[in-house]
Amino acid sequence: MKRPVRVIPALLIHKGGLYKTVQFAKPQYVGDPMNAVRVFNDKEADELLIFDIDASAEGRGPNFDLLREVATEAFMPVCYGGGVRSVRDFDDAFAAGIEKVAVNSAALTRPDLIESAAQRFGSQSVAASIDVARRRRSWSVQTGRGRHDAKLDPVVLAKRYESAGAGEILLQSVDRDGTGEGYDLALISGVASAVAVPVIALGGAGGVDDFRNALLAGAAGVAAGSHFVFHGRRRAVLISYLSAEGRASLE
Amino acid sequence: MIGVVGYGLGNVHSIANMLRRIGQDVAICDTAKGIRECDRLILPGVGAFDAGVQQLNASGLRDCLEEAVGAGTPILGICLGMQLLGTRSDEGVERGLGFINAESTRLNTPDGLPLPHMGWNWVQPKPESGLFAADDGVPRFYFLHSYALRCSDDSIVTATATYGDTFVCAVASGNVYGVQFHPEKSHRFGMQVLRRFAQLS
């Protein structure tokens, strides 16, 4: 069934501010997260993806005050990931007004988390986030924001998450992150062809052509971080979104 | 003053935020007195029908809502809020507000489309009806629901959408309006609908 195209700005929260990384390293300050939400409101982004990239490493859960603020301010649905470790975290995030919650590392250490959350809240609200790096001719799932190789096949993991009840897979390429070199299309088509749930691609978008290629490769939606917050080779901060013409060219 | 009925369900702050953004005076009303001071009302809501009715009954606001709407105050139901404006729902056993002659039934999804219907979708408004106008083109909105209104009288239907099958996504009957989608999560399209509701004479 044809649906409107999903093009999703991805915002990374680090030390309370908005940052962007390159291959999950070299965080560069972008600005205040609430300001970015307001700008994306003005630019009429259809959805937002917000990741707290410190939460897991710091052993803490989500910042629910921030989530409440974001959910009140945003004129579009929001998916949040970062430090989600329990069904209670899901509950609190939904209570804060967030529409969808993503789990990453906790889904690996607590195999029944996705299943429990999906049963309680419904699959549609539960997303599984998978970070992937190229390893010679294949791929391997990474955890700890790219610091640890879990030595798992992303296709196998995506299928496992789908069976557990995840309603969506957020598939992020560590290698392409922040490079603007295009999505890892082979990775996308490998995972998308293996599962029936939507796969959202993230990592490497440099322009509308990249969005189109990722959708053709089987992504149900395309997310982008750097592409929407930086402009030009010197990565000057300038928040942008898809134009009407850009959207029309994808639909 | 637009009153967003605070009976415990739905993201009242998000709705109030969008109303303020379009320049409206808005108050979140959780008392009968607050509701009486408003010249139009919004009834939000998410979740299951029976929980919605029970929450509304427990809030003590049901009577003054019935009074206000009976006196002609325009009211806009959003998502579950719209379903509560009807008489009943297949989803539960409780009695709806009955402001419109409609009941809620589960979306029919042939070809195994997953429920709930969640995400953006295009809407087909009846031209120049209720909260839609001809120059809207084909608007789209954010949806999150498994049930939809079925109206005895088709003339109150002001917009439909398609998810597998076509279903009712907006109604207008006298001073009673309803939308199945979330205008507060549908940026400019939602603002347009709320603006028209605010500007009703």
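Please determine whether any residue of the stretch B:91-113 is over 18 Å from the mean Cα position of the chain (by Cα), surrounded by fewer than 17 Cβ atoms within 10 Å (Cβ to Cβ) and closer than 30 Å to A:ALA244 by Cβ. The answer is yes, given that some residue of the stretch B:91-113 is over 18 Å from the mean Cα position of the chain (by Cα), surrounded by fewer than 17 Cβ atoms within 10 Å (Cβ to Cβ) and closer than 30 Å to A:ALA244 by Cβ. Contact annotation: residue pairs with Cβ atoms under 7 Å, 6 or more positions apart or on different chains, pairing a residue in the stretch B:104-129 that is more than 14 Å from chain A (Cβ to nearest Cβ) and under 19 Å from B:HIS187 (Cα atoms) with a partner that is crowded, with 16+ Cβ neighbours inside 10 Å and charged (D, E, K, R), are B:PRO125/B:ASP136.
For the stretch A:120-136, filtering for residues that are within 12 Å of another protein chain (Cβ to nearest Cβ) and in contact with a helix residue (DSSP H, G or I) (Cβ under 8 Å, 6 or more places away or on another chain) leaves 3. Beta carbons closer than 7 Å, at least 6 apart along the sequence or on distinct chains, pair a first residue in the stretch A:213-230 that is buried (at least 24 other Cβ atoms within 10 Å of the Cβ) with a second that is part of a helix (DSSP H, G or I) and among the aromatic types (Phe, Trp, Tyr) for A:VAL222/A:PHE211.
For the stretch A:44-78, the set of residues classified as in contact with a helix residue (DSSP H, G or I) (Cβ under 8 Å, 6 or more places away or on another chain) and of a type in the set (Phe, Trp, Tyr) consists of A:PHE64, A:PHE75, listed by residue number. Being part of a helix (DSSP H, G or I), aliphatic (A, V, I, L, M) and either at pLDDT 95 or above or closer than 21 Å to B:LYS185 by Cβ (or both) is a description that applies to A:ALA71. Considering only residues in the stretch B:130-147 that are part of a strand (DSSP E or B) and either touching a residue at least 60 places away in the same chain (Cβ under 8 Å) or of a type in the set (Phe, Trp, Tyr) (or both), the one that is farthest from the other protein chains (Cβ to nearest Cβ) turns out to be B:TYR147. Counting only helices (runs of 4 or more DSSP H) that sit completely within the stretch A:154-251, those holding 1 or more residues that are within 24 Å of B:GLY112 (Cα to Cα) correspond to A:154-164, A:185-192, A:208-216. Of the residues contained in the stretch A:19-32, one or more are found to be within 30 Å of B:ILE22 (Cα to Cα), buried (at least 21 other Cβ atoms within 10 Å of the Cβ) and over 17 Å from the mean Cα position of the chain (by Cα).
Residues that are within 18 Å of B:PHE141 (Cα to Cα), surrounded by 21 or more Cβ atoms within 10 Å (Cβ to Cβ) and more than 14 Å from the chain's Cα centre (by Cα) do not occur anywhere in the stretch B:49-58.
Residue-by-condition table, conditions (1) within 28 Å of A:GLU181 (Cβ to Cβ); (2) in contact with a Phe, Trp or Tyr (Cβ under 8 Å, 6 or more places away or on another chain):
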| residue | (1), (2) |
| --- | --- |
| A:LYS15 | yes, no |
| A:THR21 | yes, no |
| A:ARG38 | no, no |
| A:ASP46 | yes, yes |
| A:ILE53 | yes, yes |
| A:ARG68 | no, no |
| A:THR72 | no, no |
| A:VAL84 | no, yes |
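Pairs meeting the criteria (first residue in the stretch B:183-201 and facing chain A (nearest Cβ under 8 Å), second residue charged (D, E, K, R) and not in a helix (DSSP H, G or I), beta carbons under 7 Å, at least 6 apart or on different chains) are B:HIS187/A:GLU44; B:ARG188/A:GLU44. The listed residues are A:ALA118, A:ALA95, and the only one of them that is closer than 20 Å to B:GLY8 by Cα, out of contact with any Asp or Glu (no Cβ under 6 Å at 6 or more places or on another chain) and of a type in the set (A, V, I, L, M) turns out to be A:ALA95.
For the stretch A:66-119, filtered to residues that are basic (Lys, Arg) and away from chain B (no Cβ under 13 Å), the residue that is surrounded by the most Cβ atoms within 10 Å (Cβ to Cβ) is A:ARG85.
Looking only at the stretch B:183-201, residues that are surrounded by fewer than 24 Cβ atoms within 10 Å (Cβ to Cβ) and either assigned to a loop (DSSP other than H, G, I, E, B) or polar (S, T, N, Q) (or both) come to 4 in all.
Within the stretch B:3-14, can one find any residue that is assigned to a strand (DSSP E or B), touching a residue at least 12 places away in the same chain (Cβ under 8 Å), in contact with a Pro (Cβ under 8 Å, 6 or more places away or on another chain) and within 14 Å of chain A (Cβ to nearest Cβ)?
There is at least one residue in the stretch B:3-14 that is assigned to a strand (DSSP E or B), touching a residue at least 12 places away in the same chain (Cβ under 8 Å), in contact with a Pro (Cβ under 8 Å, 6 or more places away or on another chain) and within 14 Å of chain A (Cβ to nearest Cβ).
So, of the residues in the stretch B:74-90 that are buried (at least 19 other Cβ atoms within 10 Å of the Cβ) and not hydrophobic (A, V, I, L, M, F, W, C), which turns out to be nearest to the other protein chains (Cβ to nearest Cβ)? Here the answer is B:GLY81. Anything in the stretch B:167-182 that is away from chain A (no Cβ under 14 Å), farther than 13 Å from B:ILE75 by Cβ and assigned to a strand (DSSP E or B)? List them, or say none. If the condition is that a residue be away from chain A (no Cβ under 14 Å), farther than 13 Å from B:ILE75 by Cβ and assigned to a strand (DSSP E or B), then B:VAL168, B:CYS169, B:ALA170 are the ones that fit. Do you know which residues across the stretch B:154-165 are in contact (Cβ under 8 Å) with a residue 12 or more places away in the chain and either among the charged types (D, E, K, R) or within 14 Å of chain A (Cβ to nearest Cβ) (or both)? Hits for the stretch B:154-165 are B:ALA161, B:THR162, B:TYR163, B:GLY164, B:ASP165. Here the condition is being within 14 Å of chain A (Cβ to nearest Cβ), modelled with pLDDT of 95 or more and surrounded by fewer than 24 Cβ atoms within 10 Å (Cβ to Cβ); of B:ARG20, B:ARG40, B:ARG36, B:ARG62, it holds for B:ARG20 alone.
The values are calculated or read from the model by the stated rules, or taken from the named source; none is laboratory data. Note that this is a predicted model, so its numbers are computed, not measured. Virtual Cβ from ideal backbone geometry, glycine too; neighbours counted across all protein chains shown.
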